[in-house]
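Undergrad: Handing you this structure, nothing more for now.
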Amino acid sequence: MTLLRRHGPDHTIVEATNEMAPRDMAAHTIAAHLGADPGEQVLATVRRPENTDGPQRLQAILDELGKLGLPVLFPPHPRTRLATARHGLPPARVRRLAA
């Protein structure tokens, strides 16, 4: 299963993600467990300090994720979980997975 498309040469993270992605049967099982359809959701993480430490930037990211038109599965990084609580920013229209 290809999760990400390459946008230019030598994107190591894209190659690693696609290599480690579950095969079709496992992907269907995982997606069903999460209440989503394989290939019909977005998996998003936000963890870098420049994206989590300022409430305006973090809110903008969460708002844009909510506008994608697909379910967003959001396993929050500990930094992000603390930042959303500290800033009082619930990720609207983003399905937060247990961390």
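The values are calculated or read from the model by the stated rules, or taken from the named source; none is laboratory data. All values reported here derive from a predicted model rather than from experimental measurement. Cβ placement follows ideal geometry from the backbone for every residue including glycine, while neighbour counts extend to all protein chains displayed.
Undergrad: In the list Ala36, Ala31, which residue meets the criterion of being part of a loop (DSSP other than H, G, I, E, B), of a type in the set (A, V, I, L, M) and surrounded by 11 or more Cβ atoms within 10 Å (Cβ to Cβ)?
TA: Answer to the selection: Ala36.
Undergrad: Would you point out the residue of segment 5-28, among those that are surrounded by 14 or more Cβ atoms within 10 Å (Cβ to Cβ) and among the aliphatic types (A, V, I, L, M), that is modelled with the highest pLDDT? Let's see the steps before the verdict.
TA: Applying the first criterion (surrounded by 14 or more Cβ atoms within 10 Å (Cβ to Cβ)) to segment 5-28 yields 11, 14, 17-18, 21-22, 27-28.
Now drop any that are not among the aliphatic types (A, V, I, L, M), which leaves 14, 21, 27.
Numbers: Val14: 71, Ala21: 70, Ala27: 75.
My answer is Ala27.
Undergrad: List, please: which pairs have Cβ atoms under 9 Å, are six or more places apart or on different chains, and start with a residue in segment 25-46 that is more than 25 Å from Leu58 (Cβ to Cβ) and end with one that is part of a helix (DSSP H, G or I) and among the small types (Gly, Ala, Ser)?
TA: Asp37/Ala31; Pro38/Ala27; Pro38/Ala31; Pro38/Ala32; Gly39/Ala27; Gly39/Ala31; Glu40/Ala31
Undergrad: Now for a separate question. Out of segment 39-75, which residues are in contact with a strand residue (DSSP E or B) (Cβ under 8 Å, 6 or more places away or on another chain) and either in a helix (DSSP H, G or I) or more than 28 Å from Leu89 (Cα to Cα) (or both)?
TA: Of everything in segment 39-75, those that are in contact with a strand residue (DSSP E or B) (Cβ under 8 Å, 6 or more places away or on another chain) and either in a helix (DSSP H, G or I) or more than 28 Å from Leu89 (Cα to Cα) (or both) turn out to be Leu65, Gly66.
Undergrad: Here is a further query. So which residues in segment 69-99 are surrounded by fewer than 14 Cβ atoms within 10 Å (Cβ to Cβ), at pLDDT 85 or above and hydrophobic (A, V, I, L, M, F, W, C), if there are any at all?
TA: Passing the criteria: Leu82, Ala85.
Undergrad: Now a separate question. Is it the case, given these coordinates, that Pro49 is at negative phi and either modelled with pLDDT under 80 or surrounded by 13 or more Cβ atoms within 10 Å (Cβ to Cβ) (or both)?
TA: no
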